[in-house]
Each structure stands twice: as structure tokens, then as C-alpha cells.
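Undergrad: Sharing a structure, written as C-alpha cells. Questions coming.
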Amino acid sequence: MKMKFSKFFSMVVVLSMVVGSVSVFAGGARASSGKTKIGVSMPTQSLQRWNQDGANMKSQLEAAGYQVDLQYANNEVPTQVSQIENMITGGAKVLVIAAIDGFSLTEVLKEAKAKNIPVIAYDRLIMNSDAVNYYASFDNFRVGTFQGTYIETKLNLKTAAGPFNIELVTGDSADNNVNFFFNGALSILKPYIDSGKVKVLSGQTTLAQAATLNWSTEESQKRFENIITSVGYGPSGVKLDAVLCSNDSTANGVTNALVNAGYTRANFPILTGQDCDKPSVKNMNAGIQAMSVFKDTRTLAGKVVEMVNALAKGDAPPVNDTQTYNNGTGIIPSFLCDPIVVEPKDIQAALIDSGYYTLADIQ
Ligand code: BGC
């Protein structure tokens, strides 16, 4: 980590000395507007959170005086690669990237590095690339422990005799975050699974078995319908106590499968989520999702704008973790924002009073 950070920092210093200015952008042309151009590459518009992330990044960067090239890649890796290429040739001075597949950007980012364009990995770490300078996300392991602890508390696992039946659902295994979400949750739940107090009757306990391609609602619904059929779960069948879901888009698929199998708010298994997407907030209000984890995308965007500003001035961007996120080339200095647990009783304070949603958004 130290080497990588200090290497980048000395690049900043050397550049500053050479051009007699503190800006890392000083060596390159500015956009025709005269403003410094920032490339923002987002994975898809099909999930609510990335639309919010993109919109927040664009408005906050513009308010700070930058020109923003914001692109969405429709969850297609070649599209994301060519959008990043265009940003590089189009004169972007910093790249902010939320990767679709964390392992697929090594080649294109060599071009960024060759042009001394700093790269900030946004929310998802970009793997196997020494072109990545900083990472900004939420504390993803903690998200997982929140979900695991929620199930532990609600089922009273510490003291109840059990056994309890749960199932495990996580996201796309090309997303590095999945390791943190899944392992964070399992750090709480695995001892109970190992002792037999908690059973996973499908037998699908590994990350690979619990993964969901593209975090897709349809995929998770299909998988869960198969689990319901093969185990025989149902309101009058085998009891299902809880489903660990790493996020809301996958939780929505599980909810659809459970509702189709006859579950209602009176007997709904405890279901976790993440993001506080609108459909999940509605489901929480309807009693068919127990909790979600709120990650305020305004906070993350704000932190990334601080990083960009610091790079522009030749300062060191804010980081609060220099140990956890190794992308295969070394530790990437990171800023991890705080996630919070949201249950139905917290919706008003966390999501409405904070101005994140209006009441109409979630009714
Ligand atoms: C994000 C989650 C999101 C998931 C699917 C993850 O990388 O951290 O907030 O739910 O991707 O988009």
C-alpha cells in the first residue's frame, strides 16, 4: 500500500514541481468549455442505485466546476471498456469507475496509467490493475455483519434451541463487494450453521452456489423458486425462518417467489436487503421484507468529489482505510462510508427526514 500511495503521491509532487502548479491536471488540455473533464463510468441504469449514484456524481461535480462525461454501460463489459477508452481519448483528467466486472478493466486502464490519469474505483474495487489510485465505498464487510446480526437477533440464535432453516442469496461473483457482503454475514451465521442450530436445507452454502448473475431480480427469483420446490418450503410446508439476501434487487426476486408460494406478512420469513431501493422500502412497509441497509449515495458521491478536488490541487485525497482492500496489485487506499440498518420503524427518519425520498416515492 505504502509503495503504491507514495508512488502516486510523488507523481503528484513531481508534476507540481515541473509545471510550477499544484494541479495534477496541469499537463493536459482542458475541455472546450475550459472546464476540467471528469469521466464517470457507471455499470447500468437498470438498478435504481446506479441512477442515483450517477446523478449525484454529475450534479456534485458540476457544482464544483467540472465538466462531466457520465456513461452507463448497460451491464455489458465491452460497452464499459469502450466508454472508458472514449473518456481517455476525450481528455478526461480523472476517471471515476463503478465496474461491472471488477476483473475486466486491466487492459483499458493501462492506457489511463500511461497518460497519468488518476483512477478512483467507485463502490466496487477494480481488480488486477495498478492503475487504480483510490477506492471509495461503504464498509462492505459491515453491511454483511449487519444482515447476519439482524437474523441472529430476530431468531434469537444465541439462546433459542432451534433448529432454524435459512437460505443464502448473494450477488454477482465478478463484483468484489460480494466477498465482503457474504463473508461478513457468514462471520455471524456460520458458527450456527456449523453447530447445526441453523440449517440450509438446499445445501447451497458456498458463495458460488448463492451467487446471482448481474444481481438480477429475475435470476434470484428463478433460483429461489427452485429451492422452494426442491426443499418443499411453504406456509404449510417446511418452515423457512429467514433468507439472507445481500441486497434489495436479489431480495425482490426472493420476495416474488415467496409471495407466489403463498407467504403473506403474517408468516413471511425474515428477509434482509441492502440499498433501501424504493420497491424494497415499499415491501418493508407491507411487511414482506424485514430490513435493508441504507448507503446514502449522496455521501459517497460527496466523498469522491472531495477526492477529485484533492487530486486537482495536488493534495492527498481523504482516506480512512489503508489495510482492507487489496486489488491483486497491492492495497488501494480507501475511504469507507458508514452504512446503517433500516427497519420499517427507521424509514421516516433515515429516508424521508433526510430528504433522500419523498413520501410519494415509497407509497
Ligand atoms: C453495491 C450494492 C448493490 C449491488 C448491485 C454492489 O456492488 O455495493 O449496493 O446493491 O452492487 O447493484
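The values are calculated or read from the model by the stated rules, or taken from the named source; none is laboratory data. Quick caveat, the model's predicted, so the values are computed rather than measured. With ideal geometry, Cβ positions are generated from the backbone for all residues, glycine too; neighbour counts draw on all protein chains shown.
Undergrad: Pairs, please: C-beta under 6 Å, at least 6 apart or cross-chain, first residue among the small types (Gly, Ala, Ser) and in the range 78-93, second loosely packed, with under 14 Cβ neighbours inside 10 Å and not in a helix (DSSP H, G or I)?
TA: Between residues of the range 78-93 that are among the small types (Gly, Ala, Ser) and residues that are loosely packed, with under 14 Cβ neighbours inside 10 Å and not in a helix (DSSP H, G or I), the close pairs are 91/29.
Undergrad: In addition: Scan the range 267-301 for residues that are assigned to a helix (DSSP H, G or I), more than 15 Å from the ligand (Cβ to nearest atom) and surrounded by fewer than 17 Cβ atoms within 10 Å (Cβ to Cβ) and report the count.
TA: 2
Undergrad: How many residues are of a type in the set (A, V, I, L, M, F, W, C), within 16 Å of the ligand (Cβ to nearest atom) and either closer than 20 Å to residue 53 by Cβ or surrounded by 20 or more Cβ atoms within 10 Å (Cβ to Cβ) (or both) when one looks only at the range 84-142?
TA: So the answer is 14.
Undergrad: Next up: Give me the residue from the range 246-266 that is part of a helix (DSSP H, G or I) and β-branched (Val, Ile, Thr) and, out of that set, farthest from the ligand (Cβ to nearest atom).
TA: So the residue we want is 259.
Undergrad: Being part of a helix (DSSP H, G or I) and either among the basic types (Lys, Arg) or outside the structural domain of residue 165 (by TED's automatic domain parsing) (or both) is the filter here; which residues of the range 208-245 pass it?
TA: Listed by number, the residues that qualify are 222, 223.
Undergrad: While we're looking at this one, here's another question. All but one of (1) surrounded by fewer than 24 Cβ atoms within 10 Å (Cβ to Cβ); (2) touching a helix residue (DSSP H, G or I) at 6+ places or on another chain (Cβ under 9 Å) hold for residue 262, so report the exception by its number.
TA: (2)
Undergrad: Restricting the range 49-67 to residues that are over 22 Å from the mean Cα position of the chain (by Cα) and surrounded by fewer than 21 Cβ atoms within 10 Å (Cβ to Cβ), which is nearest to residue 115 (Cα to Cα)?
TA: 67
Undergrad: Go over the candidates 86, 116 one by one and state the one that is at positive phi, more than 17 Å from the chain's Cα centre (by Cα) and not assigned by TED's automatic domain parsing to the domain that holds residue 222.
TA: The match here is 116.
Undergrad: Any residue in the range 56-76 that is of a type in the set (Lys, Arg) sitting within a Cβ distance under 9 Å of a residue that is assigned to a helix (DSSP H, G or I)? List the pairs, counting only those 6 or more apart or interchain.
TA: 58/301
Undergrad: Right, here's the next one. Out of (1) within 16 Å of the ligand (Cβ to nearest atom); (2) surrounded by fewer than 18 Cβ atoms within 10 Å (Cβ to Cβ), the odd one out for residue 235 is which?
TA: (1)
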